[in-house]
Amino acid sequence: MTRATNAPATKKRKTKVLKAAKGFRGARRKTFRLANESVRRAMAFSYRDRKVRKRDFRSLWIIRIGIKAKEYGLSYSKFIDGLKKAKVLLDRKILAELAVNNENVFAKLVELSKQSRA
C-alpha cells in the first residue's frame with residue numbers, strides 16, 4: 001500500500017505562507033519555518049496595531065483641538081465641557097478638522113462653549 005502524504009494541501013499551505021512573507025528579508029522570505037513564524041508575528045502585530053491606530057488618531061485630534069482652543073483662551077477640557085453643556089454633538093475628529101481647516105467655525109464653537117460655561 002502506498003503512503004499518503006496529503007502533498008497538495010501541504011504545498012498550498014506552504015505557498016500561502018511564503019506569499020505572505022513576500023518583502024521579508026533573508027531566510028524569512030525563503031524558508032517555510034522562519035517565514036511561518038514571521039508571518040504569524042506580523043499578523044499579530046497588524047491586528048494589535050489596528051486598535052492602536054484608533055488610539056493614536058484620537059490623541060492627535062485631542063492635541064489639535066487643545067492647541068486651537070488655547071489660542072482662544074480655553075483649555076481643552078473647558079472647551080469640551082462647554083460644548084457638552086451647549087448640547088453640541090460633534091466628535092473629536094470633526095472638531096479637529098474644523099480647528100485646522102475652518103477657523104471661523106471653530107471660533108464660533110469656542111464662543112458657544114464660553115457662553116454655555118458662564
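The values are calculated or read from the model by the stated rules, or taken from the named source; none is laboratory data. Everything numeric here is computed off the predicted structure, so don't read it as measured data. No Cβ is skipped: glycine too gets one built from the backbone with ideal geometry, and neighbour counts run over all protein chains shown.
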**Report entry** Count - residues of region 26-76 that are among the small types (Gly, Ala, Ser) and either in contact (Cβ under 8 Å) with a residue 60 or more places away in the chain or not in a helix (DSSP H, G or I) (or both)
**Finding:** 3
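Just one of 64, 58 is closer than 27 Å to residue 114 by Cβ, surrounded by fewer than 15 Cβ atoms within 10 Å (Cβ to Cβ) and within 24 Å of the chain's Cα centre (by Cα); which is it?
58
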Report task. Look through 96, 4, 9 and report the one residue that is in a loop (DSSP other than H, G, I, E, B) and among the hydrophobic types (A, V, I, L, M, F, W, C). Result -> 4
**Report entry** Long-range neighbours under 7 Å by Cβ, at least six apart or interchain, first residue over 14 Å from residue 65 (Cα atoms) within region 105-118, second not basic (Lys, Arg)
**Finding:** 112/86; 112/88; 114/74; 114/82; 116/82; 116/86; 117/81; 117/82
Query - Within region 67-82, tally of residues that are among the basic types (Lys, Arg) and under 11 Å from residue 117 (Cβ atoms) - result: 1
**Report entry** Residue check, residue 106 part of a helix (DSSP H, G or I) and surrounded by fewer than 18 Cβ atoms within 10 Å (Cβ to Cβ)
**Finding:** no
Report summary line: Note on region 1-55: residues hydroxyl-bearing (Ser, Thr, Tyr) and surrounded by fewer than 12 Cβ atoms within 10 Å (Cβ to Cβ) are 2, 5, 10, 15, 46, 47
Report task. Search region 86-101 for residues that are farther than 19 Å from residue 54 by Cβ and pair each with any residue that is β-branched (Val, Ile, Thr) and modelled with pLDDT of 95 or more when their beta-carbon atoms are under 9 Å apart and the residues are at least 6 apart or on different chains. Result -> 98/65; 98/105; 99/65; 99/67
Query raised in the report: Looking at region 77-90, is at least one residue part of a helix (DSSP H, G or I), within 30 Å of residue 11 (Cα to Cα) and aromatic (Phe, Trp, Tyr)?
Result: no
